[in-house]
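First up is the structure itself, then whatever we jot down about it.
The values are calculated or read from the model by the stated rules, or taken from the named source; none is laboratory data. Because the structure is predicted, anything quoted here is derived from the model rather than measured. Cβ placement follows ideal geometry from the backbone for every residue including glycine, while neighbour counts extend to all protein chains displayed. Just the protein is used for accessible areas: all its heavy atoms, side chains included, with ligands, DNA and RNA removed. Shrake-Rupley method; radii C 1.70, N 1.55, O 1.52, S 1.80 Å.
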Amino acid sequence: MSSRKSKSNNLIQAEYLSQVQRILRERFCHQSPHSNLFGVQVQYKHLIELLKRTAIHGESNSVLIIGPRGSGKTMLINHALKELMEVEEMSENVLQVHLNGLLQINDKIALKEITRQLNLENVVGDKVFGSFAENLSFLLEALKKGDRTSSCPVIFILDEFDLFAHHKNQTLLYNLFDISQSAQTPVAVIGLTCRLDILELLEKRVKSRFSHRQIHLMNSFGFPQYLKIFKEQLSLPAVFPGKIFAEKWNENVQSLSEDRSVRDVLQKHFNVSKSLRSLHTLLMLALNRVTPSHPFMTAADLMEANQLCSMDSKANIVHGLSVLEICLIIAMKHLNDIYEEEPFNFQMVYNEFQKFVQRKAHSVYNFEKPVVMKAFEHLQQLELIRPMERTSVNAQREYQLMKLLLDNTQIMNALQKYPNCPTDVRQWATSSLSWL
């Protein structure tokens, strides 16, 4: 009976864990408008007031939200739109158009997308327009309901705004800002960008029609606030079905935030990047280690996740190389030390390798020159070395100048972790690097 009971308890716990993982993954992967805003309350107030003026009073506006990647620009606008749409009269009247500079690569595609999002394909039909402006104004005219004074407010959200500035003649931006300046259909144009010099990219006629309102997001919070964010992001909501499990989970999160080793990991992460996106990556990797047999996150999980986050991709490539390729990298490093980072060619590397083979003939196999050349070319394909200049058809490959893209510490770290590395090869590496 007790075994049956424990089995059912295990099943319930496994069910709770799958729900925990679903809730937290959704929180980490999607910038959910239900999550809290951190340190941007002033900017949020500014944005929501601006949107309300468009939605309620029919006042046209334009604004740019500027901040580095991961600073919460999309989350800020999503929060503002969610609050706006909770008011019944606004949710029925206000229309949204979301454009992205990576997807709408020219004005023609952008106009088709605007037509689609405003559900006006039937209205446009097969009409032929003389210009882009005529087409856009027709679309907005079609939104007018009843008399000309009352028309639907439209909110345009332009993600990757700087890419729209590269469109021919900046026609889309010109027309959107022109409408926002005139007393036509009420529109709010909101641009999201990570470029601080965005206004320099705009043409004079576009710039003159822009309101020059800017909202800057700079991740200005300190480490205590970062720690608070860490707790909030991992904590389960009060509405979680298993109350006792949720309490245990939240207590565990609290004890994690007070753990010294966890604080050290978070401090390192904070010093590298304040971005919440990088914190979400760290938490996602730690969450993946939670299983029914290991139901709560531990400090060891976070330390392991931090190692995965800060892993050197080039050093990882070196782990998968053959012994011959490792020998060539050590020979290149040797040449760099002797000639003080001057470029080298294959012949120089081959000669250096031959010297090593002659010294250690009993333990290192001597490869044919074409085989060594193949290994050298493989290193070039992996981008561990690169040519100093473009290769011409007539140039001899053996004498083409190359540069090594690895430094001493990367080579030594990779060698320490390299499985079954011959002792002679390791000693050769340390002998060439020890005096640095």
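List of remarks:
- Cut-off 13 Å between beta-carbons: net charge of the residues surrounding Lys369, Lys and Arg +1, Asp and Glu -1: -1
- The residues of segment 40-216 have, on average, 48 Å² of accessible surface per residue, using a 1.4 Å probe with all protein chains present.
- Pairs beyond 20 Å (Cα-Cα), from Lys355/Lys417; Lys82/Lys112; Lys314/Lys417: Lys355/Lys417; Lys82/Lys112
- Between 0 and 90°, nearest 10: helix 408-417 axis offset from the chain longest Cα axis: 80
- Neighbour net charge for Pro343 - beta-carbon separation under 13 angstrom, K R +1, D E -1: -2
- Each of the peptides 236-242, 134-140 was scored by the mean count of other Cβ atoms within 10 Å over its residues; in descending order, highest first, they stand as 134-140, 236-242.
- Total charge dipole magnitude, the chain, about the Cα centre, Cβ charges on Lys, Arg, Asp, Glu only, Debye to nearest 20: 660
- Geometric descriptor of segment 40-216, per residue, is 112 Å³ (volume of the convex hull of the Cα atoms).
- Expressed per residue, the C-alpha convex hull volume of segment 315-430 stands at 99 Å³.
- Annotation: amide H-H contacts under 5 Å for Gln96 (H modelled 1.01 Å from N, sequence separation of 5 or more, or interchain): Ile155.
- With helices as the sole contributors, the chain gives -17500 deg cm²/dmol at 222 nm; each DSSP H run of n ≥ 4 counts as -39500 (n - 2.57), and the sum is divided by every residue.
- Acute angle (nearest 10 degrees) that the helix 73-85 long axis makes with the longest principal axis of the chain, alpha-carbon atoms: 30
- For q = 0.14, 0.15, 0.17, 0.27 Å⁻¹, Debye-computed log10 I/I(0) when each Cα of segment 376-430 counts as one equal scatterer: -0.52, -0.58, -0.69, -1.11
- Area projected by the alpha carbon convex hull of segment 201-267, averaged over all directions, nm²: 8.3
- Near Glu160, the amide H atoms lying under 5 Å from its own belong to Gly101, Leu192; only residues 5 or more places off or on other chains count, and H is placed 1.01 Å from N.
- For the chain, with all protein chains in place and a probe radius of 1.4 Å, 52% of the accessible heavy-atom surface sits on carbon or sulfur.
- Sorting 374-385, 67-78 by average packing, meaning the other beta carbons within 10 Å per residue, from highest down gives 67-78, 374-385.
- Beta bridge orientation in the chain: antiparallel %, DSSP, nearest 5: 20
- Take the Kirkwood radius over Cα pairs of segment 14-103, plug it into Stokes-Einstein at 10 °C and 1.306 mPa s, and you get 105 µm²/s for translational diffusion.
- Label corresponding to volume of the Cα convex hull per residue in Å³ when calculated from the structure given, among (i) 248; (ii) 141; (iii) 261: (iii)
- Taking Cα atoms only, the orientation of helix 223-234 departs from the longest principal axis of the chain by about 80 degrees.
- Under the Debye formula (equal points on every Cα, no solvent term), log10 I(q)/I(0) of segment 314-379 at q = 0.14, 0.18, 0.24, 0.26 Å⁻¹: -0.40, -0.67, -1.13, -1.26
- Approximate spin-label separation Asn106-Ile56, in nm, with each point projected 7 Å along Cα-to-Cβ: 4.4
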